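Asker: Right, I'll just put the structure down here and ask away after.
The values are calculated or read from the model by the stated rules, or taken from the named source; none is laboratory data. As the structure is a computational prediction, the values presented were derived from the model and not from experiment. Heads up, the Cβs are rebuilt from the backbone with ideal geometry, glycines too, and the neighbour counts pull from every protein chain shown.
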Amino acid sequence: MLNRKQFLKTGLLGTIPLSGLGFSGKKKHVGSKPVVIATWFTALRANEAAWEILGNGGYALDAVEAGVMVEENDPKNMSVGYGGRPDREGNVSLDACIMDERGECGAVVFLQNYKNPISVARKVMEETPHIMLAGKGAQQFAKEQGFEEMDLLTPEAKKAWENWLKTSEYKPVVNIENHDTIGMLALDADGRLCGACTTSGAAWKMHGRVGDSPIIGAGLFVDPEAGGACATGLGEEVVKTAGSALIVEMMRQGHSPEEACKIAVDRIISRNKKAGKSLKNTQVGYLALNKDGAFGAYSIQKGFNYAVYNEDGNRRLDSGFRV
Ligand code: SD4
């Protein structure tokens, strides 16, 4: 574990207090390292696992993989991994991607029967000439890599699905049914910025549907020159505006992480306005971390929160919002 003195040495500006540095008027978007941030406050536990690695001077890629796996393994989180809500036909299918400090990446989409898609995605990045494997091919690859096959549908998720079948109405409830996808960004003591994103996708989705979470540039994007961003919420809106890539580009242009997230939220709002569509029942939340360790978040609706672990400890923060 880094002690305080070592921490100050690795921190960008030592004891300068860290904040989201959103629209506070400050021009310098300072931060410190190591730091890990993740979508939704439920990620406090995932942050603990990531900090075990970061706090010991470890690699940000190992930290984000270990962090999000906490949620993948938890059947109580019904938006990720084992215990995730199924599609409308009762099948659990998972999406995930991972990206490292060199801009290398790997993803799996529509993966069934393996509870840790993030680790399979990392293997795609490290062991194949490709960046994304889908469906049966992803399953075959997971098997070849020695991952254990299992049934991901828990009795609770099955019950929730059977309940949904009574109305069969596809109308994701803001901050509830699309809750708890985990996107995680970490900057380690050596300045390596990596990210991971993993989900069971929108509850009651069509069979075969893939959202934003495993799409590089949508659910996650990392560029060591600028920073990283990730998303949660209704994936279709994130993909249509290339949300995470947009945020990273905005940070590159000098915007703070929170400003950059707000610009991406505004992009969704203006696009829908032009299309004459209401966003009343739509939530998207963005999280961003710049290369100096400053962070921020923004969402369409009230209710998005996130977890941050840095020199000041592990804590929940509430995101700014537009509506
Ligand atoms: C998706 N963005 O598949 C994901 C869902 C999500 O918390 O974020 N759930 O659209």
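Asker: Please tell me if residue 53 is away from the ligand (no atom under 16 Å from the Cβ) and either at pLDDT 95 or above or part of a helix (DSSP H, G or I) (or both).
Answerer: yes
Asker: Also: Only one residue in 224, 257 is touching a residue at least 60 places away in the same chain (Cβ under 8 Å), surrounded by fewer than 22 Cβ atoms within 10 Å (Cβ to Cβ) and either at positive phi or not acidic (Asp, Glu) (or both), so which one is that?
Answerer: Residue meeting the stated conditions: 224.
Asker: Another question, then. Based on what the data block shows, is residue 123 within 20 Å of residue 199 (Cβ to Cβ), of a type in the set (Lys, Arg) and surrounded by fewer than 16 Cβ atoms within 10 Å (Cβ to Cβ)?
Answerer: no
Asker: Related question: Checking residue 114 against (1) in contact with a strand residue (DSSP E or B) (Cβ under 6 Å, 6 or more places away or on another chain); (2) part of a loop (DSSP other than H, G, I, E, B); (3) away from the ligand (no atom under 16 Å from the Cβ); (4) under 13 Å from residue 198 (Cβ atoms), only one condition comes out false. Which one?
Answerer: Every condition holds for residue 114 apart from (1).
Asker: Quick one: count up the residues across region 296-323 that are part of a loop (DSSP other than H, G, I, E, B) and surrounded by fewer than 17 Cβ atoms within 10 Å (Cβ to Cβ).
Answerer: 5
Asker: Looking at 180, 188 in this structure, which one is surrounded by 16 or more Cβ atoms within 10 Å (Cβ to Cβ), away from the ligand (no atom under 16 Å from the Cβ) and under 24 Å from residue 64 (Cβ atoms)?
Answerer: 188
Rundown of residues vs (1) in contact with a Cys (Cβ under 7 Å, 6 or more places away or on another chain); (2) of a type outside the set (Gly, Ala, Ser), yes/no style:
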position	(1), (2)
211	no, no
216	yes, yes
222	yes, yes
233	no, no
249	no, yes
259	no, yes
265	no, yes
276	no, no
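Asker: While we're here: Of all the residues that make up region 198-236, how many are β-branched (Val, Ile, Thr), more than 8 Å from the ligand (Cβ to nearest atom) and either within 10 Å of the chain's Cα centre (by Cα) or not in a loop (DSSP other than H, G, I, E, B) (or both)?
Answerer: So the count comes out to 3.
Asker: Please specify each residue of region 103-129 satisfying the condition of being in contact (Cβ under 8 Å) with a residue 60 or more places away in the chain and under 16 Å from residue 63 (Cβ atoms).
Answerer: Correct list: 118, 121, 122.
Asker: Regarding region 268-285, can at least one residue be identified that is away from the ligand (no atom under 12 Å from the Cβ), buried (at least 20 other Cβ atoms within 10 Å of the Cβ) and at pLDDT 95 or above?
Answerer: Yes - at least one qualifying residue is present in region 268-285.
Asker: Can you spot a residue in region 260-276 that is over 18 Å from residue 199 (Cβ atoms) and touching a residue at least 60 places away in the same chain (Cβ under 8 Å)?
Answerer: Yes, some residue in region 260-276 is over 18 Å from residue 199 (Cβ atoms) and touching a residue at least 60 places away in the same chain (Cβ under 8 Å).
Asker: With the structure loaded, tell me whether residue 172 is under 28 Å from residue 259 (Cβ atoms), in contact (Cβ under 8 Å) with a residue 12 or more places away in the chain and more than 14 Å from the ligand (Cβ to nearest atom) or whether it fails that test.
Answerer: Considered against the rule, which asks whether it is under 28 Å from residue 259 (Cβ atoms), in contact (Cβ under 8 Å) with a residue 12 or more places away in the chain and more than 14 Å from the ligand (Cβ to nearest atom), residue 172 comes out as no.
Asker: While we're on this one: Quick one: which residue in 120, 124 is part of a helix (DSSP H, G or I), away from the ligand (no atom under 16 Å from the Cβ) and within 27 Å of residue 291 (Cβ to Cβ)?
Answerer: 124
Asker: Within region 272-295, track down each residue that is assigned to a strand (DSSP E or B) and in contact with a Phe, Trp or Tyr (Cβ under 8 Å, 6 or more places away or on another chain).
Answerer: If the condition is that a residue be assigned to a strand (DSSP E or B) and in contact with a Phe, Trp or Tyr (Cβ under 8 Å, 6 or more places away or on another chain), then 285, 286, 287, 288, 289 are the ones that fit.
Asker: Another question, if that's okay. Those residues that are out of contact with any helix residue (DSSP H, G or I) (no Cβ under 8 Å at 6 or more places or on another chain) and in a helix (DSSP H, G or I), I need them from region 250-271; list them, please.
Answerer: 252, 258, 262, 265, 266, 269, 270
Asker: Considering only region 154-170, state which residues are surrounded by 14 or more Cβ atoms within 10 Å (Cβ to Cβ) and part of a helix (DSSP H, G or I).
Answerer: Once the filter is applied, which keeps residues that are surrounded by 14 or more Cβ atoms within 10 Å (Cβ to Cβ) and part of a helix (DSSP H, G or I), region 154-170 yields 157, 158, 160, 161, 164.
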